[in-house]
Amino acid sequence: MQNYFSSNLEYLRKKYGISKSELAKKMNVNQSTISRWENGQMGITVDKAYDLSIILNTPLPILVGKDLKNYNPEVSRSESDFIKEKIDKLNDNQKDAIINIIDNMK
């Protein structure tokens with residue numbers, strides 16, 4: 001799997017209008033660290049990557065594993081079939097519980 005972290009970090013930071021300085025403050029790192037992450041000169045710890053995923057409202061696997069400049073978030077047909085198959089196996093109480101969880105997330 002290709003790692004898109006550096007390009008996605010820059011893309012999302014700009015998309016949300018967050019300066020490197022602002023992001024550095026939120027992350028409790030130096031602004032130069034943000035620059036190094038964005039240009040791939042420096043790796044990031046899992047903890048910091050997770051914190052970034054929260055700040056940038058992007059799941060960590062997407063932040064690292066998808067090219068967000070060209071990402072279409074629609075679920076692919078095979079993923080959709082997989083999800084439908086799993087849902088079909090749930091009983092009514094389990095389905096209601098999942099619906100409640102989703103409603104509470106809104």
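Of all the residues in the stretch 62-73, those that are open to solvent by less than 100 Å² (accessible area, probe 1.4 Å) and either at pLDDT 90 or above or in a helix (DSSP H, G or I) (or both) number 5.
The C-beta contact set for the stretch 5-25 (first residue without any contact (Cβ under 8 Å) to a residue 40 or more places away in the chain, second residue assigned to a loop (DSSP other than H, G, I, E, B), distance under 8 angstrom, 6+ apart or interchain) comprises SER6/ASN39; SER6/GLY40; ALA24/ASN30. Looking at SER35, SER19, just one residue is loosely packed, with under 13 Cβ neighbours inside 10 Å and at pLDDT 95 or above, and that residue is SER19.
Would you call THR45 surrounded by fewer than 12 Cβ atoms within 10 Å (Cβ to Cβ) and at pLDDT 90 or above?
yes
The values are calculated or read from the model by the stated rules, or taken from the named source; none is laboratory data. A quick note: this is a predicted structure, and the numbers were derived from the prediction, not measured. All Cβ positions, glycine included, derive from the backbone under ideal geometry; neighbour counts span all protein chains shown. Keep in mind that these areas ignore ligands, DNA and RNA; they rest on the heavy atoms of the full protein, side chains included. Shrake-Rupley method; radii C 1.70, N 1.55, O 1.52, S 1.80 Å.
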